[in-house]
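**Q** Can you keep this structure in mind? I'll have questions shortly.
The values are calculated or read from the model by the stated rules, or taken from the named source; none is laboratory data. Predicted model, so just to flag it, every value in this text is computed and none were measured. All Cβ positions, glycine included, derive from the backbone under ideal geometry; neighbour counts span all protein chains shown. Surface accessibility is based on the protein's heavy atoms, side chains included, excluding ligands, DNA and RNA. Shrake-Rupley method; radii C 1.70, N 1.55, O 1.52, S 1.80 Å.
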Amino acid sequence: MVLRHLSSMAMEQKQFQAESKRLMDMMIHSIYTHKEIFLRELISNASDAIDKLYFRSLTDDSVGMNKSDFQITLAVDKDARTLTITDNGIGMTKEELEQHLGTIADSGSLQFKNENNLSDDSQIIGQFGVGFYSAFMVAKRVTVKSLAFGEAQAYVWQSEGVEGYTIDTCDKDTVGTEITLELLDDVEPDENGNGGENYSEFLDQYRLQSLVKRYSDYIRFPIKMDMTRSRKKEDSDEYEDYTETVTLNSMVPLWHKNKNEISEEEYNSFYKDKCADYTDPLCHMHVHNEGTITYDALLYVPSHAPFNYYSKDYEKGLQLYANGVLIMDRCEDLLPDYFSFVKGLVDSEDLSLNISREMLQHDAQLRQIARSIERTIKNELKRMMKNDREKYEKFYQAFGLQLKYGIYQDYGMHKDLLQDLLLFPSSKDGKLTSLQEYIDRMPEGQDKIYYAAGESIQRIELLPQTEQVKDKGYEILYFTENVDEFAARMMQSYQDKPFQSVLDSKLDLESEEEKKALEEKQESSKEMLEAIQKALDGKVGSVKLSGRLKSHPVCLSSEGELSMEMAKTLNAMPGGEGEKIKANTVLELNPDHPIYQKLMTLSTEDTDKLDDYAKLLYDQALLIAGMPIEDPVAFSNRICSLM
Ligand code: ADP
Ligand code: MG
């Protein structure tokens, strides 16, 4: 006793990494209602560890284990109030105990909490697969004994929570890990029956049995527990207790089961466990494919984008199993970038077990599976769009941007696959519309898909150029995201209807007479227009009279491949600090506006003033287009002098 005390005194108490500490603190004090998920987390870790050693055993005889030798056991000691979870998986070295249990791999979680002002800790707990730490929701002390495969010395890691942990050598003969939880004391509810906590339930064998059935049934290695049963004694009416070792789980991987045997809850629970998400997925796809290549796949679309989804930190991929053996945790080649949000797994008996990462890239079978999966995902999304629009829009809110990038990527190679999945807000009612729906609504005589790009729907609606199009009864798609216009340029057309920016100077919606009248007016205003262009000193490509302006005196449009919004986007991109890219802009003047007459007069009577007016009009046009003006002071001075 004394010796033990001394040795623990000598043993250094180590601190958790600051972030882990905070996370653990949150966990312990959280109001998380599903404390029981700790069991799922620990079993899932045990199963992962066995996966690793089993995989190894296939190529390394020194493991000396057969598949049937692997198992997870649960054991309770009611007097000591402990629950022990043991596995004979790969184990952890001293360094691994430090690294994996002393730090949180995904340090983005707290940053995410701060950035998003999340107050509900339970959301964090679920989202980041803080798996192991969940033990502290139910335990006052956690002891992890582990002997790693290939090591001679076992180590024990112990912690009572945020204060830190200790690591020491220990005795353990068999490879694997044994985790003992000393459960917290039960808390009596107050007089109103609130605030009670029951931890003793995790000492109850039937409760444990039902938890395993509920959350961990599909684990492919047996989860065993000694259960106390009662039986009638022979030749007597008395009963006696006896112990029976039972396997708690069916061990059938979920994806091998028949679809109609799996409940929605099982699908969802599996997702939450495997993919470390706290919310149910939007949908699942369960594929049993037979044909040139045989595989099963279980795929999910999350209901929200992971916090790092649109950053380079996000890693796509599906788990890859070869005939039930996990060979890769994240196989990127199974998912194209535009469907990188999909989570899940693929299991194929046609893949060879000892295939390496490098070989996989060139593996024809894998590519075939990837193509087939791509079709499955697309069809599922299309079906959702058609049958459950609300759900689809939720999906689109989260991942629509990725689809648009997908269209732009690879020189538009995937546009045929993706274009039917797009939605844009439309001038019709502000709601999201698909391109097909847009086309179906097109009135007689409309032969283009009109769009306007801008910062927001409100801003776009204020653009002078939209007036004429709407007056014609044509609907406008609002492109509010940077990538939208690039994607449209890549598609060029949808069902032979070309995309047309209403901010383009060549909109061409006037009748022949209107055009002719405009041309004549343009001719007679030539000098004035040239004077304005000269005054603007290269800021605009040309100055024209426009037939499309109604109430507004001017607008700025562009000509050619590159629109102003596109130039803005390109210039804002990293690396775009150098020479600015410029769209070929056109200053359009409204010949029916009183200002036109004024300009005509000035062009013969007061060219200095025309100069000032030109600059003022240009600045106004910039403001209307949502662009910054170059010299706000000069602008304001000019206005004042006019006033
Ligand atoms: P995750 O499982 O998502 O990686 P956890 O917090 O659940 O996160 O576990 C952290 C790490 O600790 C695991 O990745 C693994 O390396 C290690 N670990 C946990 N439990 C075990 C175990 N029973 N056997 C071997 N390693 C384990
Ligand atoms: Mg885990």
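**Q** Please indicate, with yes or no, whether at least one residue in the range 255-263 is open to solvent by 30 Å² or more (accessible area, probe 1.4 Å), in a helix (DSSP H, G or I) and touching a strand residue (DSSP E or B) at 6+ places or on another chain (Cβ under 6 Å).
**A** Checked the range 255-263: at least one residue is open to solvent by 30 Å² or more (accessible area, probe 1.4 Å), in a helix (DSSP H, G or I) and touching a strand residue (DSSP E or B) at 6+ places or on another chain (Cβ under 6 Å).
**Q** Let me ask something additional. Residues to consider are S250, S230, S236, S210; find the one that is part of a strand (DSSP E or B) and without any contact (Cβ under 8 Å) to a residue 60 or more places away in the chain.
**A** S230
**Q** Checking K615 against (1) open to solvent by 60 Å² or more (accessible area, probe 1.4 Å); (2) outside any loop (DSSP other than H, G, I, E, B), only one condition comes out false. Which one?
**A** K615 satisfies all of (1) open to solvent by 60 Å² or more (accessible area, probe 1.4 Å); (2) outside any loop (DSSP other than H, G, I, E, B) except (1).
**Q** Could you name every one of the helices (runs of 4 or more DSSP H) located completely within the range 331-441 that has at least 2 residues being buried (at least 17 other Cβ atoms within 10 Å of the Cβ)?
**A** Filter on the range 331-441 gives 364-387, 389-408, 415-418, 435-441.
**Q** Restricting to the range 264-282, give me the number of residues that are within 16 Å of ligand 2 (Cβ to nearest atom), open to solvent by less than 60 Å² (accessible area, probe 1.4 Å) and either among the hydroxyl-bearing types (S, T, Y) or under 14 Å from the mean Cα position of the chain (by Cα) (or both).
**A** 5
**Q** Looking at (1) open to solvent by less than 40 Å² (accessible area, probe 1.4 Å); (2) away from ligand 1 (no atom under 15 Å from the Cβ); (3) modelled with pLDDT of 95 or more, which is the one condition that is false for D77?
**A** Going through the list (1) open to solvent by less than 40 Å² (accessible area, probe 1.4 Å); (2) away from ligand 1 (no atom under 15 Å from the Cβ); (3) modelled with pLDDT of 95 or more, D77 breaks only (1).
**Q** Another question, then. Restricting attention to the range 566-581, which residues are under 18 Å from E630 (Cβ atoms) and surrounded by 16 or more Cβ atoms within 10 Å (Cβ to Cβ)?
**A** Residues satisfying the conditions are A567, K568.
**Q** Only one of these conditions is not met by L623: (1) touching a residue at least 24 places away in the same chain (Cβ under 8 Å); (2) open to solvent by 30 Å² or more (accessible area, probe 1.4 Å); (3) assigned to a helix (DSSP H, G or I). Which number is it?
**A** It fails just one condition, (1).
**Q** Which members of the range 131-159 meet the condition of being open to solvent by 10 Å² or more (accessible area, probe 1.4 Å), more than 13 Å from ligand 1 (Cβ to nearest atom) and farther than 19 Å from Q13 by Cβ?
**A** Hits for the range 131-159 are G150, A152, Q153.
**Q** If you don't mind, another one. Within the range 54-72, track down each residue that is open to solvent by less than 40 Å² (accessible area, probe 1.4 Å), in contact with a helix residue (DSSP H, G or I) (Cβ under 9 Å, 6 or more places away or on another chain) and more than 16 Å from ligand 2 (Cβ to nearest atom).
**A** Passing the criteria: Y54, S57, V63, F70.
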